[in-house]
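Every number here is computed from the coordinates shown, using simple stated rules; none is lab data. What you see is a predicted model; the values in this text were computed from it and never measured.
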């Protein structure tokens, strides 16, 4: 089984908005050099989720984790993404697409945001 990873972010018109997400992708690639990693966007930026999924499936990935780089599981994560993944699965029956929880729900992310807020208060 060949694994792939899609880091899925919202997207914005300003290309600088993607810089932190590109840094996340670079760190994941460095930590897991054998895994195909793609950064994809819901809107305004490319590639979109479908293109990233098509690319990884064409590269031979048989299981692809999709990690929403969202702070919470709002409407996009609950409604939009599952439909997009269903479409990908229909096009690539030999590939399993697995939606992960929104990254903002991870305890270590919550702790990091709290630590940044405390640092903003100074000493």
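Once the Cα atoms of helix 107-120 and of the chain are each reduced to a long axis, what angle between those two axes, in degrees from 0 to 90 to the nearest 10, is obtained? Here the helix axis deviates by roughly 30 degrees.
Taking the Cα atoms only, what angle lies between the long axis of helix 19-31 and the longest principal axis of the chain, rounded to 10 degrees? Taking Cα atoms only, the helix is inclined about 70 degrees.
Only helices enter the 222 nm calculation for the chain: every DSSP H run of n ≥ 4 contributes -39,500 (n - 2.57), and dividing by all residues gives -12000 deg cm²/dmol, rounded to 500. Helix 49-58 versus the longest principal axis of the chain: what is the Cα-based angle in degrees, 0 to 90, to the nearest 10? The answer is roughly 50 degrees. Here, the chain has an Rg and a Dmax of 15.3, 55 Å when only alpha carbons are counted.
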